[in-house]
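Asker: The structure follows.
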Amino acid sequence: MIYEVILIDQLLKSIILTMWDQFVTNESAAIAQMITTRPVIMAIRLKVVSHDGLSLSTRSSSSFIIDPRIPEATALQTWATEKK
């Protein structure tokens, strides 16, 4: 299974995040349920491809934290709210 999420960075550029396997049933389902709140997604150990723009993809070792409780995430939430 594959699930793609379009992310927006602070420069308003889109980034495609492709989730594979267990990330489709776990993290992507959680993101889909809260997408209207514009969640901050923190991830590590993603595959990064910079051909024709930037794209990210999960690997078996990837990890996600959705809406982490850190100052940087709060700043991003504020920014996203202002850019509605």
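Asker: If a residue must be in a helix (DSSP H, G or I), touching a residue at least 24 places away in the same chain (Cβ under 8 Å) and in contact with a strand residue (DSSP E or B) (Cβ under 8 Å, 6 or more places away or on another chain), how many such residues does the range 18-61 contain?
Answerer: Looking only at that region, the number is 5.
Asker: Among the candidates Leu7, Leu17, which residue alone is among the hydrophobic types (A, V, I, L, M, F, W, C) and modelled with pLDDT of 90 or more?
Answerer: Leu17
Asker: Looking only at the range 1-17, which residues are exposed (fewer than 10 other Cβ atoms within 10 Å of the Cβ) and without any contact (Cβ under 8 Å) to a residue 24 or more places away in the chain?
Answerer: Within the range 1-17, Ile6, Leu11 meet the criteria.
Asker: Related question: Among the residues of the range 51-61, is there at least one that is polar (S, T, N, Q), open to solvent by 70 Å² or more (accessible area, probe 1.4 Å) and under 16 Å from Tyr3 (Cα atoms)?
Answerer: Yes - at least one qualifying residue is present in the range 51-61.
Asker: With the structure loaded, tell me whether Ile44 is open to solvent by 50 Å² or more (accessible area, probe 1.4 Å), of a type in the set (A, V, I, L, M, F, W, C) and touching a helix residue (DSSP H, G or I) at 6+ places or on another chain (Cβ under 8 Å) or whether it fails that test.
Answerer: It is false that Ile44 is open to solvent by 50 Å² or more (accessible area, probe 1.4 Å), of a type in the set (A, V, I, L, M, F, W, C) and touching a helix residue (DSSP H, G or I) at 6+ places or on another chain (Cβ under 8 Å).
The values are calculated or read from the model by the stated rules, or taken from the named source; none is laboratory data. Treat the numbers as computed from the prediction; the structure is a model and nothing was measured. No Cβ is skipped: glycine too gets one built from the backbone with ideal geometry, and neighbour counts run over all protein chains shown. SASA here: full protein model, heavy atoms, side chains in, ligands and nucleic acids out. Shrake-Rupley method; radii C 1.70, N 1.55, O 1.52, S 1.80 Å.
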